[in-house]
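The values are calculated or read from the model by the stated rules, or taken from the named source; none is laboratory data. Values in this document were obtained by computation on a predicted structure and should not be read as measured data. Methodologically, a virtual Cβ is constructed for each residue, glycine included, from the backbone with ideal geometry; neighbour enumeration extends over all protein chains shown.
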Amino acid sequence: METASYSALVNNAVLLLALGIIYDTLGLHNIQKRVVRDILSGLLIGAIALAVMMTPWELKPGVFFDARSVLLSLCGLFFGLRTTLIVLCFALSYRFHLGGEGIYIGLLVIVSTAAAGLACRYCTLRYKWSLAWWQLYLFGVAVHILMAICFLLLPKDMHSVIFRDVVPAILAIFPLGTMLLGLTLRRQRDRRAAERALRESESILNRERGLLRGLIDAIPDLIFVKNTERQYVGCNRAFEEFTASDEKALHRKSDIDLFAPEVAKLVREKDLEIMASGEAQSYECKSYYPDGREVILDVYKAPFFGLDGTLHGVVGISRDITEKRAADRLIWQQANFDTLTGLPNRNMMRDRMTQEIKKADRFGGRVALMFLDLDRFKEVNDTLGHDKGDDLLVEAAKRISSAVRECDTVARQGGDEFTVVLGELDDPRSIEKIAQHILDALSEPFQLGDEVVYVTGSIGTTIYPDDGSEIDQLLKNADQAMYAAKNLGRNRYAYYTPSLHEASLKRVQLATDLRGALKNNQFSLCYQPIICLQTGQVCKAEALIRWQHPMRGFVSPAEFISVAEDSGRILEIGQWVFEQAVEQLCEVTRHYNPAFQISVNTSPVQFLEEGCRPQDWVEMLEAKGLPGTALAIEITEGLLMESSDTVSEKLMRFRNANVEIALDDFGTGYSSLAYLRRFDIDYLKIDKTFVSGLTEGSDDMALCEAMIVMAHKLGIKVIAEGIETAEQCALLTAVGCDFGQGYYFARPLPSDQFREFLAASVPELA
């Protein structure tokens, strides 16, 4: 190969290298319109193609050899059809201009190598080729094999020159050049793509930041962000207006700088709890606008974590619910209270009556319902007018309210009719005392402006559950008794006599029969299994007393337990229940489950009287080889309210002996969290009244879930009573209830049937 030939190839190489540098320098890739970009790129590459073809290696007159194949193939591969066609026009035109013997071969080389580049570009896009160095090298080999084939179409007398001088250059040098120039172009393309993606990302990010900021500022709720030092680092416009400061002024300020001390203390405590627990919280708090107006805020806060999981602070949103709370109170007030007297209305009376009935069912007590009508009220209305009549009703409401106990409910039914709900009746004679107080208060003269009027009242009284179980029936009974009082001369009270007389006789007879019930073996124990909802295993049971009266048949515990408490028989009955339960425990722990537990119901009387000694029960457990955990005692919510030192001491003795304590019928009483903490309760038993109506999304479901969450937060396990369906079981299991009992699993079973139930459910121990 001659020196001129080497010089031509070197010039070609320099021109090809210049392509990448010039294209990148000119910045044609930055042109947004693709058509314009392709045209300008075609003109630039076409010019370089001409320059390459102007410095060829001339094999013989009219036969030229240069690096056009490298340029054209890479143009097709990297720049696409439109640019390649423009370059083809340049190259074909110039080669046609040169003419000579090799014109057709030259034209064929130009077209075939450009077509090869376009074909490879198609495959690259379709099959997602990465164009690695070896792929570019193979592409160069393929293109120049094609080029060599084209050269073999020249006359045979040139084949020796082609094989000696051209083919080695084609197969050795040109593929390498194709690879190197291709790598340069690929890197430039990838860099430009990365830069373009970065610009687009920044543009999107800025747009999204602006959108997000606009959205946050458009939200009327107060939005804020705090760091781990509880300093404000961001907020929206509503928060700026609330604090009368802009975001820059609020930066790094704390709640102490912005709010009243009591508000700042609460907020800071909540922030610490949220950051310590890593869990969101919702709460309400009072605060103040800069002008001094009080506001109630519904606050939601959550911990703010970085992508690496690092805690950065707290993000929160607060909503002004002052008007909503006021509206809610007004609506509730209007729905439940009489607008004239301020007393509870019919709706509230029925609700209070329902609650008192639940208490009575739980404690075996009674509820009295009084129906009161003002005597000769119509005469006052007719003679003095409705305004004076309204004044009389207001004053009468005050007098009636002052004559009853704080725990009682006075309600206005309508017109001159009032009702009084009397709960917690330890002594039936208190009904008569309260009734007489009301009559005495009403008998005093009423000063209505310049007028003095005299009215009296007639009262009818009925008693739950003696006279009925439904509120409507009790209202009817009380109304009938009230008319009886009127018929007897007014200004007096009367009972729904038949029911009252019948109940009184029954109670006296029960007290008499109880004396011989224990001695004559009329009592028995049934055991209702308690199931672990997470495993389905039978791990506990509740011992339930049953009384089979020789004449009355089955007598409900709700009937005789209160009688036993009043007569003092509850102590010996309670001791008998405990002894029977222990004997059953020995059988169960020996044959089926060493960790089995039986719970025993206890009466408040047992804790208040000296006859019940926890130490005796503990010693009996030890004598039988049973741990304290084998026994759970069930207490009522009323017992928690006892401030007696005796009660506290006995409960503590049980706890010290590892005997567990369960709070029965939770949710229908009046215990508070303070009492739960004070007495270290192990189990809460959700009353069946909440479970019976349990469905997805119901109020009872929400209440059950709230009770379960509260109990678990206090370290207390939960037992749901009265489970009767698979749906109830599934719903309670889903919200984390620990144990369940009810007819769905098993009814209360006699001891022999209970052991058969265990034998079918739990493998017998060897």
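In segment 377-384, the count of residues that are of a type in the set (Asp, Glu), modelled with pLDDT of 90 or more and within 16 Å of residue 490 (Cβ to Cβ) is zero. The residue of segment 517-551 that is nearest to residue 730 (Cα to Cα), among those that are among the aromatic types (Phe, Trp, Tyr) and in contact with a Pro (Cβ under 8 Å, 6 or more places away or on another chain), is 527.
Of all the listed residues (95, 82, 68), the sole one being farther than 24 Å from residue 163 by Cβ and among the charged types (D, E, K, R) is 82.
Does residue 383 satisfy the condition of being of a type in the set (Ser, Thr, Tyr) and farther than 30 Å from residue 364 by Cα? Taking the combined requirement at face value, the residue satisfies it. Taking the condition crowded, with 18+ Cβ neighbours inside 10 Å, assigned by TED's automatic domain parsing to the domain that holds residue 444, modelled with pLDDT of 85 or more and charged (D, E, K, R), does residue 472 pass? Judged against the criteria, residue 472 is not a match. Number of residues in segment 67-85 that are more than 60 Å from the chain's Cα centre (by Cα) and buried (at least 24 other Cβ atoms within 10 Å of the Cβ) equals 10. Is it the case, given these coordinates, that residue 302 is of a type in the set (Gly, Ala, Ser), assigned to a strand (DSSP E or B) and more than 31 Å from the chain's Cα centre (by Cα)? No, not satisfied. In segment 440-471, which residues are more than 30 Å from residue 558 (Cα to Cα), in contact with a strand residue (DSSP E or B) (Cβ under 8 Å, 6 or more places away or on another chain) and not β-branched (Val, Ile, Thr)? Answer for segment 440-471, where residues must be more than 30 Å from residue 558 (Cα to Cα), in contact with a strand residue (DSSP E or B) (Cβ under 8 Å, 6 or more places away or on another chain) and not β-branched (Val, Ile, Thr): 442, 443, 445, 446, 454, 457, 458.
Which one of these is in contact (Cβ under 8 Å) with a residue 40 or more places away in the chain, surrounded by 16 or more Cβ atoms within 10 Å (Cβ to Cβ) and under 30 Å from residue 131 (Cα atoms): 179, 275? Going through 179, 275 in turn, the sole match is 179. Here residue 100 fulfils each of the conditions (1) touching a Phe, Trp or Tyr at 6+ places or on another chain (Cβ under 9 Å); (2) at pLDDT 85 or above apart from (2). Look at (1) under 45 Å from the mean Cα position of the chain (by Cα); (2) surrounded by 17 or more Cβ atoms within 10 Å (Cβ to Cβ) and you find that residue 536 fails only one, number (2).
Meeting the requirement of 1 or more residues that are over 51 Å from the mean Cα position of the chain (by Cα) and of a type in the set (Val, Ile, Thr), the strands (runs of 3 or more DSSP E) wholly within segment 364-459 are 451-453. When you go through (1) free of Cβ contacts under 8 Å to residues at least 12 places away in the same chain; (2) in the same structural domain as residue 286 (by TED's automatic domain parsing) one by one for residue 214, which number turns out not to apply? Here residue 214 meets the rest and fails (2). Yes or no: residue 8 at pLDDT 80 or above, closer than 30 Å to residue 163 by Cβ and either in contact with a strand residue (DSSP E or B) (Cβ under 7 Å, 6 or more places away or on another chain) or surrounded by 18 or more Cβ atoms within 10 Å (Cβ to Cβ) (or both)? The answer is no for residue 8. Residues considered: 362, 350. Of these, the only one that is surrounded by 12 or more Cβ atoms within 10 Å (Cβ to Cβ) and under 30 Å from residue 439 (Cβ atoms) is 350. Residue count for segment 33-63 satisfying the condition of being in contact with a strand residue (DSSP E or B) (Cβ under 8 Å, 6 or more places away or on another chain) and surrounded by fewer than 23 Cβ atoms within 10 Å (Cβ to Cβ): 4. Looking at segment 555-585 only, could you name the residues that are closer than 23 Å to residue 755 by Cα, surrounded by fewer than 17 Cβ atoms within 10 Å (Cβ to Cβ) and hydrophobic (A, V, I, L, M, F, W, C)? 576, the sole residue that qualifies. Among the residues of segment 159-176, those identified as under 16 Å from residue 74 (Cα atoms) and surrounded by fewer than 19 Cβ atoms within 10 Å (Cβ to Cβ) are 173, 176.
Determine which single condition residue 702 fails, assuming it passes every other condition in (1) free of Cβ contacts under 8 Å to residues at least 24 places away in the same chain; (2) in a loop (DSSP other than H, G, I, E, B). Going through the list (1) free of Cβ contacts under 8 Å to residues at least 24 places away in the same chain; (2) in a loop (DSSP other than H, G, I, E, B), residue 702 breaks only (2).
Tell me whether segment 16-30 contains one or more residues that are at pLDDT below 70 and under 26 Å from residue 108 (Cβ atoms). Yes - at least one qualifying residue is present in segment 16-30. Restricting to segment 34-69, name every residue that is in contact with a His (Cβ under 8 Å, 6 or more places away or on another chain) and closer than 19 Å to residue 151 by Cα. Listed by number, the list holds a single entry, 69.
Every residue, every condition in (1) of a type outside the set (Phe, Trp, Tyr); (2) buried (at least 16 other Cβ atoms within 10 Å of the Cβ), yes or no:
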| position | (1), (2) |
| --- | --- |
| 722 | yes, yes |
| 737 | yes, yes |
| 741 | yes, yes |
| 745 | no, yes |
| 750 | yes, no |
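Checking the structure you have, find out if any residue of segment 726-734 is surrounded by 16 or more Cβ atoms within 10 Å (Cβ to Cβ) and in a loop (DSSP other than H, G, I, E, B). No, there is no match, as no residue in segment 726-734 is surrounded by 16 or more Cβ atoms within 10 Å (Cβ to Cβ) and in a loop (DSSP other than H, G, I, E, B).
Scanning segment 230-269 for residues that are within 19 Å of residue 294 (Cβ to Cβ) and either basic (Lys, Arg) or buried (at least 16 other Cβ atoms within 10 Å of the Cβ) (or both) turns up 238, 239, 242, 243, 255, 258, 259, 263, 264, 265, 266, 267. Among the conditions (1) free of Cβ contacts under 8 Å to residues at least 60 places away in the same chain; (2) surrounded by 13 or more Cβ atoms within 10 Å (Cβ to Cβ), the only one that residue 312 does not satisfy is (1).
This table checks each residue for (1) among the acidic types (Asp, Glu); (2) under 30 Å from residue 655 (Cα atoms); (3) modelled with pLDDT under 95; (4) out of contact with any helix residue (DSSP H, G or I) (no Cβ under 9 Å at 6 or more places or on another chain).
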| position | (1), (2), (3), (4) |
| --- | --- |
| 681 | no, yes, yes, no |
| 686 | no, yes, yes, no |
| 726 | no, no, yes, yes |
| 736 | no, yes, yes, no |
| 758 | no, yes, yes, no |
| 764 | yes, no, yes, no |
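For every residue, the table says whether it meets (1) farther than 21 Å from residue 305 by Cβ; (2) in contact with a strand residue (DSSP E or B) (Cβ under 9 Å, 6 or more places away or on another chain); (3) among the β-branched types (Val, Ile, Thr); (4) at pLDDT below 90.
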| residue | (1), (2), (3), (4) |
| --- | --- |
| 244 | yes, no, no, yes |
| 247 | yes, yes, no, yes |
| 250 | yes, yes, no, yes |
| 253 | yes, yes, no, yes |
| 256 | yes, no, yes, yes |
| 260 | yes, yes, no, yes |
| 273 | no, yes, no, no |
| 278 | no, yes, no, yes |
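The helices (runs of 4 or more DSSP H) found entirely in segment 559-631 that carry 1 or more residues being on the phi < 0 side of the Ramachandran plot and among the charged types (D, E, K, R) are 570-591, 614-623.
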